[in-house]
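Worksheet: one structure, shown below.
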Amino acid sequence: MTPFISEIVGTFILILLGCGVNANVSLQKTYGNASGWIVITTGWALAVYTGVVIAGPHSGAHLNPAVTVGLALAGEFSIYDVPSYVIAQFIGAMLGAFCVWLLNKKHFDATEEGATKRGVFCTAPAIPNTFLNLFSEIMGTFVLIFAVLYFTDAVNTADNTIIGLGSLGALPVALIVWAIGLSLGGTTGYAINPARDLGPRIIHALVPIKNKGSNGWGYSWVPVIGPIIGAVLAVGVSMLVQ
């Protein structure tokens, strides 16, 4: 796969499984209905793991515009490749969200509350407060990018040979996303990824869902701008402390 196709496929899998666990927990008459926050955070962590395993060898598995921007600012990724990666991530996110809707169409029909249906696709604040909601997204993404910048390969000190972990190398980022969800995600739903939130939000606006309610466009900029600010801050702080 080319890096462009790889980012599409990896982000597609991320959203298919991530928004998929949202649907399984939130929508009526699924087997996972009302199974709770631990299931959601675990599902999203494993969605990240799966997407990174697939895309990692071909594109580095950013799957997130905030990661792409952060790595570019840190000098670890070409700034000229940022637009193609971001476009691919949004394409993958929208395709994944569309498939989640199609897979769960009967369960969307069986669910009455519009906000619950929207929550399958995108995030919303538990308690609306623009500054604190933005701060939540900034801090969650700060932790993600700051940690990613400190990823290292295992090295055999005898001959300085890098030891690869194969597919297990995707596990650290999944654990970080899980930690963010468990510890910081309860205030806004921890988008920490502009493509993850805005792409599915657009699909929610486009697909036919009975009683879908508002798309929450007034809030939609927070999970886009917050992660970008968090990524920039993470790069800046990492440069200061190195």
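Between Val241 and Lys106, the modelled labels are 5.0 nm apart [label points 7 Å from Cα along Cα→Cβ]. Using the Cβ-Cβ distance between Val39 and Lys210 with R0 = 25 Å, the FRET efficiency computed as 1/(1 + (r/R0)^6) comes to roughly 0.45. Two tests apply to each whole DSSP H helix in the chain, Cα reach of 30 Å or more along its axis and mean Kyte-Doolittle hydropathy of at least 1.0, and the ones passing both are 3-26, 37-59, 82-103.
Here the extension length gained between His58 and Thr116 equals 17.3 nm, from 0.36 nm per residue of separation less the Cα-Cα distance. Each Lys and Arg Cβ is given +1 and each Asp and Glu Cβ -1; about its Cα centre, the stretch 3-241 then shows a dipole of about 860 debye.
Of the residues Tyr31, Val67, Thr50, the one whose Cα sits farthest towards the positive end of the charge dipole of the chain is Tyr31 (charges of +1 on Lys and Arg Cβ, -1 on Asp and Glu Cβ, taken about the Cα centre).
The length gained on full extension between Tyr150 and Trp217, counted as 0.36 nm times the residue separation minus their Cα-Cα distance, comes to 20.6 nm.
A straight line joining the Cα centroids of the stretch 96-155 and the stretch 9-59 runs 10 Å.
Along its three principal directions, the equivalent ellipsoid of the chain from the Cα gyration tensor extends over semi-axes of 30, 19, 17 Å, largest first.
Computed from label points 7 Å out along Cα-Cβ, the spacing between Ile127 and Lys29 is 3.7 nm.
Read-outs throughout are calculated quantities, based only on the coordinates presented, and are distinct from any laboratory measurement. What you see is a predicted model; the values in this text were computed from it and never measured. Note that we place each Cβ from the backbone using ideal geometry, even for glycine, and neighbour counts take in every protein chain shown.
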